[in-house]
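The structure under discussion appears below in the form of C-alpha cells.
Quick note: the coordinates plus some simple rules give every number you see, no bench work behind them. Everything numeric in this text was worked out from a predicted model, so none of it was measured. Glycine gets a Cβ as well: all are built from the backbone with ideal geometry, and neighbour counts include every protein chain shown.
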C-alpha cells in the first residue's frame, strides 16, 4: 500500500531508502549545481558590472547636488549604525532609552540634513533620489501612518456609532483599491483639491498618499491586536483607578502592539518595497534611477545586471527590517515566551 | 438640556468632516472653473485615437474612449483570472513541498518563498519582461514550433498566441502570488490536527491519497479566507501591468487622462471599475466558501 517506502520506519532501520526520494534529490541537486555554476560563471566572467560600479553615487543619491552629498551619506550611515546597535543589543537593557530616542530623531535629522540645514542655502527635497529617497519615503510615511493607523484602530473599536462607522468606512474604502491609484491620486489630483496658489512638492504628496493608504492597513492589523486583549485587563485597570486614557495608553496599546508586531513588520517591509511604485509616477527613487540608467545608450542591454543589483539591495534592506522586527518582538516579549 | 459627552463628540466630528469635505470640493470647483474644463462625461463618446497593444475584443483607434476603457477592463479581468489559476496551482505545489518529508524540497520551498517575498513585485515584473521574455531569440524554427514556441514575440501554444507583455505579466504575477498562496496553504495544512495524519495512515491510505482526500478538504475552511485576500491582492497588483506596457484598466485610464485632461472623471471611472472587480472576486470566493462549508456539513452528517 505505502509504495513510497522500501523499508518501513519501524524497528532499528535508520536509513529508509526511497527510490523516488533518491531520484528527486538527484534531480534537485543536479539542477541546483548546474544553475549555481552557470550563475557564478556569468557573474564573474560574462556580466558587465560597469553599469553598477560607475553609477554607485547615482544609485545612492540620485541627482542630489555633488558638493552636498555628505548630507544624505551621514544620514544613511546614521541609519546603519542605529540598525547595527539595535540588532546586536540583546543583553544591555540600559541602552534601550537612548536607542529609542535616537530612532525618534531619525526622520527629523534626515529632513534637517537633506533640506540644507547647517548650510548657507536651502536644498529642495525633490533633488533627492536613489536609495536615500527610498529611505526618506519609507521613514516619513511610517512616522505619519503609525499614529494615524493606531488612531483609526481605536476609533474602529469605539462605542460611538458615528466614530466607529466612519473609520470602518475609511478603512474598507482604502483597502479595496490598489496602491497605485492612491499614489496617482496623490500626484495628479491633490493639486486640484488645494486652494489656488498653494503648492506641495511631489515627495510630500507621495508621503501623504502612502500615509493615507498604509494607515488603513496598520489600523486593520492593530485591530487584531486590540481584539485579542481580554476584557479582564481593562477591568483590572479600572480596579486600579486608571482613567480611560491611562487604560488605553498604559495597558491596552502596549499589549496590542506586541501582538500586532509581526503583521506590522510585514507592512513595513511591504511599504519599503512599494516605494518602487513611485518610479511609474515619475520619482527617481531606486527603481526610477535604474530605469533612467537603462535608457542611457551607454548602458543599454545590461538589464540583468541592474535587476540583480536592485534585487540584492531590496533583499538586504528587507532582511534588516525583518531582523529589527524580530528584535522588537524579543524586547516586548513580557511573558518571556521566546527566551 | 444636557448633552452627553458621546453625542457632543459625534456632532463635532460630523461637522468638522463636513467642513473639510466642503472646503476640498469648493477648492476643486474653483480650480475646475479656473482651468475651464468643468465636469462632464461627454468626452467618453469621442474617438479615442490611440492603438492598444492587446485587445480581446474588436478595437480600433476610431472607437470611443468608453469602449477603450471597457476593453482595458476586460484585459484586466483576463490577466487576473489566468494568473489566479496559475498562482493557485504553483502555491498548492510549493505549499505541499514545504510539508514534504524530503529535506531538499522543503529547502527549495523556503528559499523560493523567502526570495520572492523580499523583492518588490515591480522589479520582478521588469525582470520577467526585459530579461526573460525580451531576451529570448527571435527564431522559432524548431520542428515542434507548431505546437509550442517561446520567443521574444511571446508564447505560442497551437493557435493561441500570448503577447510578450501578457506572458511576462502572467509569469511575474503567478510566481509572486504563488509564494504568498504557498504560505496560506502551509498554514492551512498546519491547522489540521496531527491525529488526522496518523488516522489516515492507520486505515492504510497512501501519503498522496491521504493528503488529497483527508488533509486538504479539512484545511479548506482555514485556507479560503487567506486565499480570498491573496486573490484580492493579486487583482490590485495586476495594475502594475503599466510597467511592462500591458493595456489593463489602469494603463488605459492613465492614457485617457493624459489625452483628455479629465483627471477627476477618469479617476472616478477607474475607482468604479475596481470596485466592480473587487465585488466579483469577493462574491465568487464567498460562494466557494459557502459551497465548501455545505459540503463539509454534508460529509459530517
One would report the antiparallel percent of DSSP beta bridges in the protein assembly as shown, rounded to the nearest 5, as 90 percent
Each residue of A:177-183 has, on average, a number of other protein chain C-beta atoms within 10 Å of its C-beta equal to 6
One finds the C-alpha centres of segment A:156-187 and segment B:1-66 to be spaced, in Å, by 17 Å
Only helices counted: for chain A, with every DSSP H run of 4 or more residues adding -39500 (n - 2.57) and the sum spread over all residues, [θ] at 222 nm is -20500 deg cm²/dmol
When B:62, A:279 are arranged by how many other beta-carbons sit within 10 Å of their Cβ, fewest first, they go B:62, A:279
Listed with the fewest Cβ neighbours within 10 Å leading, B:280, A:31, A:218, A:321 appear as A:31, B:280, A:321, A:218
Assertion target for A:45, B:41, B:70, B:166, ordered by fewest C-beta neighbours within 10 angstrom first, is A:45, B:41, B:70, B:166
To the nearest 10 degrees, the tilt of helix B:103-117 (Cα long axis) against the first principal axis of the alpha carbons of chain B is 10 degrees
Across A:315, A:75, A:42, the residue with the highest GNM fluctuation in chain A (Cα network, 10 Å cutoff) is A:42
Note to self, chain B gives a 222 nm [θ] from helices alone (DSSP H runs n ≥ 4, -39500 (n - 2.57) apiece, / all residues, nearest 500) of -22500 deg cm²/dmol
If one builds a Gaussian network model of chain B from Cα atoms under 10 Å apart, the most fluctuating residue listed among B:234, B:275, B:121 is B:275
Expressed as a whole number, the average count of other chain Cβ atoms within 10 Å around the Cβ atoms of A:186-195 is 5
Which of B:199, B:284, B:68 fluctuates most in a GNM of chain B (C-alpha springs under 10 Å)? That residue is B:199
The rounded separation in angstrom of the Cα centers of segment A:193-207 and segment B:104-139 is 37 Å
Rounded to the nearest 10 degrees, the helix B:216-237 long axis (Cα) sits at an angle to the longest Cα principal axis of chain B of 30 degrees
So the angle from the long Cα axis of helix B:249-260 to the longest Cα principal axis of chain B, reported in degrees to the nearest 10, equals 20 degrees
Dividing the mean separation of Cα pairs under 8 Å (6+ apart) by the residue count of segment B:188-301 yields a relative contact order in percent of 24 percent
So, relative contact order of segment A:52-331 in percent, Cα under 8 Å, 6 or more apart, is 24 percent
Per residue of B:244-251, other chain Cβ atoms within 10 Å number on average 1
Length-normalised contact order of segment A:173-308, Cα under 8 Å, at least 6 apart, in percent, tallies to 22 percent
